[in-house]
Structure formats: C-alpha cells, structure tokens
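What follows is a single structure, written as structure tokens, with notes after it.
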There are 6 protein chains.
Amino acid sequence: MRHDQRSNDQLRPITFTRNFTRHAEGSVLIEFGDTRVLCTASIEHGVPRFLKGTGQGWITAEYGMLPRSTHTRNDREAARGKQTGRTQEIQRLIGRSLRSMVDLKKMGENTITIDCDVLQADGGTRTAAITGSAVALVDALGVLMTQKKLTADPLKGLVAAISVGMYKGEALLDLCYEEDSKCETDLNVVMTQSGEFIEIQGTAETKPFSREQCNQMLALAEDGIKDLILLQQKALGW
Amino acid sequence: MRHDQRSNDQLRPITFTRNFTRHAEGSVLIEFGDTRVLCTASIEHGVPRFLKGTGQGWITAEYGMLPRSTHTRNDREAARGKQTGRTQEIQRLIGRSLRSMVDLKKMGENTITIDCDVLQADGGTRTAAITGSAVALVDALGVLMTQKKLTADPLKGLVAAISVGMYKGEALLDLCYEEDSKCETDLNVVMTQSGEFIEIQGTAETKPFSREQCNQMLALAEDGIKDLILLQQKALGW
Amino acid sequence: MRHDQRSNDQLRPITFTRNFTRHAEGSVLIEFGDTRVLCTASIEHGVPRFLKGTGQGWITAEYGMLPRSTHTRNDREAARGKQTGRTQEIQRLIGRSLRSMVDLKKMGENTITIDCDVLQADGGTRTAAITGSAVALVDALGVLMTQKKLTADPLKGLVAAISVGMYKGEALLDLCYEEDSKCETDLNVVMTQSGEFIEIQGTAETKPFSREQCNQMLALAEDGIKDLILLQQKALGW
Amino acid sequence: MRHDQRSNDQLRPITFTRNFTRHAEGSVLIEFGDTRVLCTASIEHGVPRFLKGTGQGWITAEYGMLPRSTHTRNDREAARGKQTGRTQEIQRLIGRSLRSMVDLKKMGENTITIDCDVLQADGGTRTAAITGSAVALVDALGVLMTQKKLTADPLKGLVAAISVGMYKGEALLDLCYEEDSKCETDLNVVMTQSGEFIEIQGTAETKPFSREQCNQMLALAEDGIKDLILLQQKALGW
Amino acid sequence: MRHDQRSNDQLRPITFTRNFTRHAEGSVLIEFGDTRVLCTASIEHGVPRFLKGTGQGWITAEYGMLPRSTHTRNDREAARGKQTGRTQEIQRLIGRSLRSMVDLKKMGENTITIDCDVLQADGGTRTAAITGSAVALVDALGVLMTQKKLTADPLKGLVAAISVGMYKGEALLDLCYEEDSKCETDLNVVMTQSGEFIEIQGTAETKPFSREQCNQMLALAEDGIKDLILLQQKALGW
Amino acid sequence: MRHDQRSNDQLRPITFTRNFTRHAEGSVLIEFGDTRVLCTASIEHGVPRFLKGTGQGWITAEYGMLPRSTHTRNDREAARGKQTGRTQEIQRLIGRSLRSMVDLKKMGENTITIDCDVLQADGGTRTAAITGSAVALVDALGVLMTQKKLTADPLKGLVAAISVGMYKGEALLDLCYEEDSKCETDLNVVMTQSGEFIEIQGTAETKPFSREQCNQMLALAEDGIKDLILLQQKALGW
C-alpha cells in the first residue's frame, strides 16, 4: 500500500479548473493531488523569424516554479538571471508535446505561448503541466476559431502525460514527491488520444532497469493516460 | 460613479486566503478585486553576509508577475535573463515596508524571504503584495515562535498599503488597472497599524499635482489603510 | 546647528557649470556642496520602437556612480554585468521628471538621452542629477531649435529636486551623506517651476513619520526648490 | 538500403583514439562515421559544496559543439553568453549516464569533469559523446588508481549509447544527420555492460509511435550497444 | 640549448592539415609543436549592420580554448556565460590580422567568420591561430571564386605570426608554454608576405626591455615569419 | 603642420590635477589636450584568492568611458550588461603597466584598484589613463606609507605612455582623435622612468608598416615619454 493509500496503478485525485485567470485565451489550473500548475495559453499574432512568410503557426512553452512551491525555497530564476537546465529541459518537452496536438499549417501565422507555472509542487509537475496545458491549448484554439481567424480546425487530438517508476521492484503510477525521490527508475510518458507515444523519457536513478520493467512501466502509463484523457474530455465538456 | 460602481473612497472587495499553499511557513493569497497575488514567507536559517555575527535577523522580498497575469503577455523575466527596473523597484519597496513591522534584533540570525507572485493583475499589485505579505509574515513569525526559535516576539505591528490617484480632478481610492492607466497622478502609501507613514510615493503621470491634492490623496489613503488593517486582523483571527 | 554650520532650511552651495564637456548637446556639472554630478544631454534621431511613426519624441535617462565617487569603493556596474536596483530606480525617476518638462509631441521623432554620472558623492545625488539635467536638457532643446529641427518650442518649464529629512524630530533641507545616513525619514521631492509636484518619495528609515511631519518636510522642500529654480534660471542667463 | 549502404541494423564505422590530447587524465577521440567528438576526463581534487565532507566523489559533464562542426555555422555559445537548452539537456544526460558507471562512494572527494566537444557533427553526437567518454572516464579512474588516491576500484562497468529511429516505418540503427532530420521518431538509449537501461529518450518528430515500434527500436538499440561495448573493451585492451 | 633541443632561432615542427573537418569552406588544423588549433573559415551571405549597402565584405574571428586543452582545466566560457578579456583580446587581434590580407571592397556583401579553437595548448596559440587561419581564409576565398560569387580576387597576400621572447637575456623564437611562462618579455609579431608589420605586441613580463632587445626580437620574428609563409605556400600548393 | 599647429614631435598641453575628488587615496585628473581622464586609486585590504597567504599585494585597473565622452554617444556598458572587448583590452594594459612600477612583495596583502574613467575623449585615452594613474598610484602608496602599513617603499619608479602614428608617411607624436582615425599605423608605447619598454602595441590600420617606420615611431615615443615623466615628477613635487 502506498503512503497515501493508493494502489500501484491508481492516479492521484485530478482536477481541472478552466478559466482560472481571466486575461489568457486559455487558463487551466491542473491539480494532480498536491501538485498544482497554472497553465495559460496566450495568442500572439506573428510567428518566430524562421516561420515568417510560411503561413504556418507555432506553439511554444515556458515553465517555471514559484520559489516556494517546493519543500524548501529555491532561488528565483529571474533574480539569478538564468533558467536552470532542468527548467529548459522541461519547457522543451512541453512545447514538443503540445505541438503534436495541432496541425501547425492550419494555424495561420499565429503563435500560442503556453506558460506553465507551478504554484505547489509534489512530484509530477512536468506531466501535470502537459496534461493541463493541453486543455488550455484547446481553449485558445477555440478563441481563434470563434474570432474567425482560422479557416479549418487545426486540432488533431489531445495529449496527456504521466510519470511511472520502479520502487522496490514494483511499478507505481503517478509518483508523488516522496515516491519520486526514492524510486529506482523514473519514466515520463506522453501519449496521444489514440494511444500512441509522443515522448518516453526513462532515467535510472539508483539502479538500471530491465526490458521487462520497461514494459511494465509503459503498460501502467498507457492505462493512466487513457484515464487522464477521459478527464480532459470531461473538463472540456466533450 | 466609478465604472465598477464604487464610490471614490471605496476599496474593492478584499479577500485574504491563508495557507493557500502548504510548504511555506506563511502563504496568503490576497485579492483586491481582480488583482490576485500569492504571498509566501519562507524561513531560512542564517543571514546575509553583512549581518553575520550580529545576532540580528533579516527580511527581504522578491516580486514577479506571471507572464500572462496581465492583459497582454509580458516576457518571462527568467527567460530574458533579468528583472526589469519596475520589478526591482517594487521588491525593494515591499522589503522596506515589511522590515518596518519587525524588530530585527529580536529575530535571531534568521532570514524571512517574502515572495510576491502576481497570478492576475488589475492594478495595485504592489499595494496588494504588501498588504498580503504582512499577514504571511505574521504567520511565519508565529512558526518561529512555536518552534521556540525566538525568545521574544519581534512583531511591532501590522502595515498595509493602498494606491490613490487623481482622476479628472477627483481623488480616488484603490485604483483598478483602467483607472490607473488614465489617472493624472498615482500615489502609493504604506502605513503602520498606528497610523504613521512608512512610504509615500507619488508620481504625476500626465499632470503635476498641488499640495492641496496631495493632502486629499493622503487623507483618502489613511482611511483605506485603516480598513485594510481591520481586515488583516480579522484574517489573522485577532 | 548642522555640522557644516547650515541652518535647517539652508541649501548647500549650489554650482552649475554649463558646457563642462564639449561633445554633448547639453553638458552641466552640478555641485550640491561636495556632491558633483556630470549631466549630459545627447540628441539622437529616431525614437524607441513603441513611438515609431507617432511624430513624437522621447527623453530617457541613465545614471551611474564612478566606483570611487563614494567613501569606500563600489563595484563597477559594467564589470559586474548589471545595474543595481537602486541605479535603475534612480534613472527611472530622473527620466520621468525630465519628461514632465517637455511637450513630447512637439519634439519630433528625436530622442534625448540624459546621462547622469556621479563624480563625487556626498548625499543627494539623485536630486542633484535632476536639477542639473534640467539645465542640460534646456541646452539640448536649444540646439534642436537652432538647427531648425523643431517647429515649436517643446519646453514647458523647469523642474528641480531636493531631499529633506527628519533628524531628531526636526526637518532638515538638502541632506549631506552624514545626515542622510542618520536621519529617521528621507523624502525626495521633484517640483515644477510653477510650484506643483512631479514626484514625492518619502521613506521611513528608522522610524515612521506622521502626517504633520510630512507637511513640515514638504514645506521645506517647496522653499528649497524655488531657490534651485532661481539658480537654474540664472545659470541659463534667463 | 540506406544512403551509405548500411543495413538497418548496422553501426557506422566506430573508432576510438585514446590519448588524443596529452594534458587530460583521459582523452578519447570517438568517431561514429563522420561524427567526431573529443572526450576528455579531468581530475580535480575536491567536490561540489553539496558533497563536502561526505567522502564521496562526483562526476559531471559539459558538452559543446564547435561553431562550424555543423553544416551551417552556429553561434558560439561563449560569445552569446549562454548555453542553449539543447546543450544543457545533453550535458545533463551525459553526466547522469557516466555517474551510473561508478560507485561514487569509492571515489574519495575527487571530481572528474568530462568535456565532450564536437569537432564534426553528422548525427548522434550525444550518443557518441557518452560512448567515448566512458572510455576516457576509465582512463582517468586508472590514473587515480595508479596514483594510489583510491583504496578500491570504483568502476562498476561500462555504458554505451546509440540512437535508433523509425524511418518510413522501418527501424534504423545509428542515425546519421540526414536520416535523423527525416525520421519520424528518434530514440536514444543508454545501456550498461550487463544489458540494462540507464536512459531511454524517445521523441516523436513527425508522427507518434506505437508500443510495437518502441519494442522494435529498443531491440535494435540493445544489439548496437552490445557491439559498442565490445569495441570499448577492445580500445581499452581488456 | 632549449629544453626541446631547438636553437634560439628555430621554429617548432609546423604542420598544416587542410580539410581537417568537412563542413567549413576552409578548415585547417595547424600544429606548432604540441600546440594544435583548429581554424575554420565559414562563408555567410550578408554583412554586419554598419556595412549594409556598401557592397563591401567583412572578416571576423572568434577564438576559444577547449576546457582541457591546457595543463589544468579551465572553466568553459559558455558555461560561465562570458568570454574572458584574454579571449576577446586574442580574437580581435586575429580578426584585424586577417582583414589585412584581403581587399574587403572586392568581397561583395559576404562575411567570412574565422573560428580558432585550441584543441591542445603549449604556448603560442594566438600566433598559430593567425598562421593557420590565413590558409583557411585562402581556401574559403577560393570557394567564393569557384562559385563565381566574386568578380575579382580579393586576396592581397598571406600573413603569418610568431612569438619571440627574451629569456635570461637571450632572444628566443617561437616560445613553448614552459618558455613563455618564464621569459622576461613576450613579443607577438604579425607580418605580411612582403615583410611588413601588421601587429607588434610586446609585453614586459618580469623585466622591462631595451630598444636593443626589441630590435633583436623583431629580427628573429622576421626570419621566423618568412619561414612560416613558405610553409603556408607549400601547404596551399603554390 | 598639424591641424592644431603642433609640430610632429610635440605633445598636446598636458595637465595633472591631483586630489580632483576627495574620497580616493589617489585622485588625478589628467588632460592630454581635450582628452580628460579621471584616475583614482583605491586601497582595499586583502588580495585576490590566488595571492592569499603570500604576503604580496596586487594592483588592478578598470577603465570606462562616460557614454557621452565621445563625439556620438556610446551605449553605457553597465546598461548593456557587459564591457566591450576594447574596454577589457585597455584595462588589462593599464593594470600590467602599473604593476611594473611596484615591487608587489613589499606591498603587504593590500590591493590597489585603479579606476580610469574618461570624462572627455579626443584620442589617446589609454595612454593618458596610464600616465595619470601612475601619479594616483604614487599618492595611494604614500597613504599606505603614512599609515605605517608598509615597512619598505614598494615604488620602483614611474611609467608613462604615449601614442605615435604614421600619417601620410610621417611619424606623429600624441595623436588626437582626428589624427588617430586617419593614420595608417597606431603605436602605443609604455616606458619606465629609466627608459625601458613595458609595452609596445603597434597596429597597422590601413597599411602595413616597415621596420624603419617602427624605429622612427619608437624614437618619437621615447622622447615624448621622457617629457611626460618630467611632468609627472613636477606634479608630484619631486
């Protein structure tokens, strides 16, 4: 039994609060248990230089943790004058994951910037960020459609993400911070609505993992992500 | 009549949510109407170099706006690699204001760092930040007392802050963004529980202001701050 | 009696040296006692991006202290790779103050950059910088007029600035460094030629200040600034 | 048939040149076809702050591409003043991979810094860097052993890394630049000598991938890495 | 006798390896004994802003040392976030020296960027960099000519560079690291094919030098550079 | 005849104003015609890390130009966030030159920081900076002697510096900005009181220079520096 009484294949309570703030075209507070991430999607006209004149749109993501979202306070990245390697790695992952949801060619020369700001961290902030941002992105695309800025719907489908890990030889779904800091292996998986992989990132923390364990973890992740996509759909009223 | 039906001397609805996040020793979500600022107070043992060995404590503040807390998205300061002059000015103001609440000599060699992160902006973020952080600071000092880290209570009293402005020749209390962007003069006032000034910062935006107008604005601010301090006390259960 | 024999309402000896350097369109060495600030005004054609195409001009200011202008040497900001919060706060104040002197709409798409470099510091560098820069700005506008770059004179009037403080319960005008470092409250005031306020920035250093003390300080500042404006006019040969 | 006549499961020609430069304790030029990476291992006494006093050692990695190692010149990161997100992501991956080779507790308070500098890039620089650095690390550990700085051999075993990808529905081993830029999915795998995973990083570039494809790619990677480890052993004269 | 058995006026073994890497338009590995510098020349269309519209080309240089090219590891400049003063001084010297080889007016609006990366350092990296880059530059100009991008050959002639020093009162040619770190004076000389000076940079390290010694060193340098230019010509097949 | 009526071997009017500012231990305003540089010497106890515990002192220099010391305004380095390569090159040159004046072993663990700030530039700022700083350094050493911080006088002698150039085939001493920007070759020379060289830095600007021209320029520089040293001695009252 896990310390919060979950079974090994059980997600934490998941909540989506749409329109959490009012200025952004999409604004979702996602909660995976005690992990809370504010995901906003902002539409800006124009695209980065490398896309100018192509008629194609762009989606990019930025990620940050509030300094005291964590157990002990971290330096504010804006004050230190640079983002950590971890931050950059995560925001690149979020960006790639969300771009896979959309046919950029149908977006016109618009950029949607996803901001994922962690208000409270308890493990799994990157997977929560992807899962919540997917909903915020759908809302922002809806705004573009409503404003008649697009001639066709660029949305290809949802994506969601979850972490899994090996702990004392057992595969666990959706690790909280305490589990994450103790587990032998940590695997983050991003999948589409149709059950295919967008990203798989597995890292042996204290012990290498076998092909067999890899399969166990992927199976667990697939089930978890299916549930998350149902919850996204419900949140969107689909 | 103001566009949100307030009278000239009326505050927006003010809400304090203590323990908004769970890791920080003090965590308050303050709302001044649509302005929402998360204020956390973090205790760290040790003090900056210039205080080492003095037995004295320190209080410092950092401020940031989430990129899409505003009507149009602002660059993320962590990504740009530096804080704007406005950010630095505000965090210096918050730090000075909060230090005036406490007898630093009674704090031991502990540092309390106040983080003010704007989740949603609608004018008055710096005054909301000071007013909310004062409550978070009281909570963090309470933790130090409970942990028997201090021999005497360092708290001297509360401070709160409000903005006032001249708009079409009339003095208005607690400006929202729309009023702030149109007013002729903007004055931010920080006061103590006992009705004395900690900071007065008045800036003529489009038109210089007279001594008479200055007095009018200060009077309005004094009344507003008295109300804010009552609300702080109620939030603290005093 | 103050340590330099001044009465409480007396300015230090004030000197304006126009054309202190020869390249800038306006170049004034201002001295407030031992505080010496070189203020230059440089005309550049073109305006910042947010004003392009508006036909309007812009005035901006930068501030710096030579590393050994002070009692003990400070790090060179260029070597550290960033300006301190104090520097940014001061240069923003100088910029706002000087923009209030001019009808930017009559300036054409020209930018005047004010550089205030402190050669020697003895308290009051920001108020000396504003007072000296006002004269340098008039000289630079004169160059634009002489060169027939402008169709109407954009100058609305002079501004000047002074510091006042409470020390042992008495209000003192024009604080030198020693007074500044001991006083209970420090108030910087920027006023126009017509006796209205542009900026009021009061900070309780060691003790909050009352409404009554605020009034005392403002009165002292008004008189001091009137004198400074007479001296500016004399320096300009008006 | 691949454009360089390789079969789908064939590595490019692999070369290890030990002692490529003479100052470093380990210095290996690794070549995966036209990809050439210089991997040096430098011993420094002392460890980062978080390990001081633990008696434990540390291994860290840095990665860089010479500006014209690529088809078109990239900006020099030292001149731009920061490392890209990609660079940081790669050097974190290399560091984690190499730390898994060693029992840090047996290393004493020594730090080994791995520098991976890409002289020529043709795809797979990160996997070449890991594979070459593993040999440089063994050489540096040998120096520590020879100098009698260690009481027990900290080496647990070798690691090596390879990229695999899906291209037109087929799994390909060891992608060159041209293949990498066209493939649908890119998967980097790091494995130990004993056939277990250290890292799996799979990214759908243009098309999501299925569980089946994932398995195909992992199988291909396993075989490739076994070959690489034989080549490492041969290079080391084991 | 010098520690590597050279006579005072003898160069170290000099090697030029053209086409050391395959992407750059010019790529030369130059070796001065154990000093090895990779010099690449990259053609980019367009010129810096200050030359736009002039029809003139530009040549610029960047320099870097791999962190472990030296006896003890140096910080990676990209990780530290800035280039040292020494690096900037050297890359400015290389740029000026190479621009003197070419009639920029005949280059069209093309920029050639020279990257000099030190793989292994044993004294004289800047002079090796200039000498090797001259050959890489000739190769890159050849590419422009072959591509019919130029109407006339912009090459005016070769330049080469050597260090000389005073050691125990004797003038030595082409100092290795050990000599360089002990010598009393260090003089770097850049000369043209026709025997005229482009740069002379002499620095007294531990002892001032006389006019007579200066002459001795210049004479030695002239002879050394004549030899280097013969070797450049041979490498180019002239 | 030169445009300011000087003969080819004539210095501009040279002025030293000691104690130009009052806080620094040495403070000299040096003027070479219209070039004006404020040179301050600041004593700080302690030395950089690499000298700790050696009993030896250190001298270092920083250089900056006020943004409008020049004909057209330059960006403020502190605002841009980095010093240019030119600035770094110059401050390294000044530091080396001044260290040659002193026996650092006799300085105790004290650091003297020389700040050279150009108030007005008309060519030759680096040579004026060295010549003026030499006097400021003597003053600061005098303070250390007076305070009995040193047991023996560390001063070995004065240094001074001058620029020479080839213009239309003639050698000119002490170039002003206009001459500097047109000349074919620019040579900066630093010499000791005893007539030996500390630095020689010659750069062909538009045309290589011959051995003969080099000799002509060095001869001119030697005479100019002798005169400068007499003026330094006079300024010091020797």
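The values are calculated or read from the model by the stated rules, or taken from the named source; none is laboratory data. Note that the structure is a prediction, hence the values are computed from the model and not measured. Because the Cβ atoms are built from the backbone with ideal geometry, glycine has one as well, and the counts that use them run over all protein chains shown.
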query = Is there any pair linking a residue in the stretch D:85-113 that is touching a residue at least 12 places away in the same chain (Cβ under 8 Å) and of a type in the set (G, A, S) to one that is surrounded by fewer than 22 Cβ atoms within 10 Å (Cβ to Cβ) and in a helix (DSSP H, G or I), with Cβ under 9 Å and at least six apart or on different chains, and which?
reply = D:G108/D:L144
key: Selection within the stretch E:202-238 - more than 8 Å from chain F (Cβ to nearest Cβ), out of contact with any Leu (no Cβ under 7 Å at 6 or more places or on another chain), among the β-branched types (V, I, T) and surrounded by 19 or more Cβ atoms within 10 Å (Cβ to Cβ)   = E:I225
query = Does any residue in the stretch A:142-165 that is within 30 Å of A:E205 (Cβ to Cβ) come within less than 6 Å, Cβ to Cβ, of a residue that is of a type in the set (S, T, N, Q) and part of a helix (DSSP H, G or I) six or more places away or on a different chain, and which pairs are these?
reply = A:L158/A:Q232; A:V159/A:S97; A:A160/A:T131; A:A161/A:T127; A:A161/A:T131; A:I162/A:T127; A:S163/A:T127
key: Matching residues, the stretch C:5-24, being of a type outside the set (G, A, S), on the phi < 0 side of the Ramachandran plot and within 14 Å of chain F (Cβ to nearest Cβ)   = C:T17, C:F20, C:T21, C:R22, C:H23
inquiry  = Every residue in the stretch E:32-69 that is polar (S, T, N, Q) and part of a loop (DSSP other than H, G, I, E, B), please.
reply    = E:T54, E:Q56, E:S69
ask   = Can you pull out the residues in the stretch D:166-195 that are buried (at least 20 other Cβ atoms within 10 Å of the Cβ) and under 17 Å from the mean Cα position of the chain (by Cα)?
value = D:L173, D:D174, D:L175, D:C176, D:D186, D:L187, D:N188, D:V189, D:V190, D:M191, D:T192
remark   = D:S27: passes all of (1) among the polar types (S, T, N, Q); (2) within 14 Å of another protein chain (Cβ to nearest Cβ); (3) over 23 Å from D:V189 (Cβ atoms); (4) not in a strand (DSSP E or B) but (4)
inquiry  = So for the stretch E:213-223 (the condition being touching a Lys or Arg at 6+ places or on another chain (Cβ under 7 Å) and at pLDDT 95 or above), does at least one residue qualify?
reply    = yes
inquiry  = So, E:E199, is that one in contact (Cβ under 8 Å) with a residue 60 or more places away in the chain, within 8 Å of chain F (Cβ to nearest Cβ), of a type in the set (D, E) and touching a Gly at 6+ places or on another chain (Cβ under 9 Å) or not?
reply    = yes
query = Hey, does the stretch F:2-14 have a residue that's part of a strand (DSSP E or B) and among the hydrophobic types (A, V, I, L, M, F, W, C)?
reply = yes
Selection within the stretch B:41-68 - buried (at least 19 other Cβ atoms within 10 Å of the Cβ) and facing another protein chain (nearest Cβ under 7 Å) = B:S42, B:E62, B:G64, B:L66, B:P67, B:R68
message = Quick check on the stretch F:32-39. Is at least one of its residues within 13 Å of F:D139 (Cα to Cα), touching a residue at least 24 places away in the same chain (Cβ under 8 Å) and within 14 Å of another protein chain (Cβ to nearest Cβ)?
response = yes
ask   = From the list D:G169, D:G123, D:G165, which residue is at pLDDT below 95 and small (G, A, S)?
value = D:G169
remark   = Within the stretch E:8-60, residues of a type outside the set (D, E, K, R) and either at pLDDT below 95 or more than 23 Å from the chain's Cα centre (by Cα) (or both) come out as E:H45, E:G46, E:F50, E:L51, E:G53, E:T54, E:G55, E:Q56
